[in-house]
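Participant: Just passing along the structure, written as structure tokens.
No value in this document is a laboratory result; all are computed from the given coordinates. The structure displayed is predicted, hence computed values, not measured ones. Here Cβ is always computed from backbone atoms with ideal geometry, including for glycine, and neighbour counts include all displayed protein chains.
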Amino acid sequence: MPMTIHHVKKSLLIVFMIGAVVLAASGYADHLVDAVGMGRITDANLIYLNDAFDRSLAGFLVLSGIKSGLAIIEGSEVGIGFNLEIGDIVQAVYDYVDVAWKAALAGGTILLMTRMCLEAVALIDHWCLAAMLLGVGVFLIFRWFLADCQRMTQVVRESTMFLVVLTLILYVILPISITGASFLSKRITQPIIEETQTGFEDIHREFSPGYLSEGFFPEDVNEGSLFPGFDFKAKYESTKERIQFIGTFFKDRTRHMAVLTLKLVAGYVFDCIIFPLTFFVVLYLFTKNLVNFLSRAIS
């Protein structure tokens, strides 16, 4: 008699697992997951990613404006009797701007891909949960009612453990990794990135086409001369002063540009790669070891 009751309990548990599979596949189980706090975490992650992407886009546009301003004078020439390409002078600054521009582009792309990844996970996570529950049910059937098929039981067990880890990655590890990264970002890298963007905005104003035209290509100082085109001495002095001004201008800004670029690159590397990847690896290893431990304990 006790044996019969035992079998009835097992059968009811199998029926319950089948119902849980249907519930998970229909998406209703996600409401339970959201109710325990994961929904709030997901919403906070989306807000963080949207804000971070908007900031990176704004910085990317500012850097694009700086590159456009530099492009105005990149191939320009000044001189009298000889020509000096201004692009040779601004090359160092342009290199730093180009690196910062690529960093902003890569950072914004990674943030956008992360947001799209979360949206994709929301579409498939319930199917993974259903597959995991189905695997658990099949494993229990083999273990309780088909004990002789040990090889098949082992295969089902390993597959189910894989589905358990994958489900935890989609529902827990990935969202918490982004939450942890956003927590560190707001306190460490976000202030640095905002500082660099403010600095680039100031440089953008200095590199505006109007400022560059007035500073580097002023009106001919000898317009009032009777023969301005033949006043070589005045042209030489004007060209000399202009070259000195351009050299001093970009020398002063090269170091500042280098500091801003290094800070921006470091900020995006930590923000988009190191912080989320570190949380993900730590949580993944902890979860995998915990699942393996529980699996051995159950066996």
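Participant: Label Arg151 and Val36 with points 7 Å out from Cα along Cα→Cβ: what is the distance between them in nm?
Facilitator: My value for the distance between the label points is 3.7 nm.
Participant: Let me ask something else about it. Can you tell me the FRET efficiency between Met116 and Lys251 if r is taken as the Cβ-Cβ distance and R0 is 51 Å, rounded to the nearest 0.05?
Facilitator: 0.75
Participant: Using a 10 Å cut-off around each Cβ, can you sort Tyr28, Tyr171 from fewest to most neighbouring Cβ atoms?
Facilitator: The most exposed by this proxy come first: Tyr28, Tyr171.
Participant: Can you put Ile203, Ile188 in order of Cβ neighbours within 10 angstrom, beginning with the fewest? Numbers along the way, then the final one.
Facilitator: Working: Ile203 21, Ile188 13.
Arranged by neighbour count, lowest to highest, Ile203, Ile188 become Ile188, Ile203.
Participant: Among Leu57, Leu168, rank each residue by its count of other Cβ atoms within 10 Å, from fewest to most, as a rough exposure measure.
Facilitator: Exposure proxy ranking, most exposed first: Leu57, Leu168.
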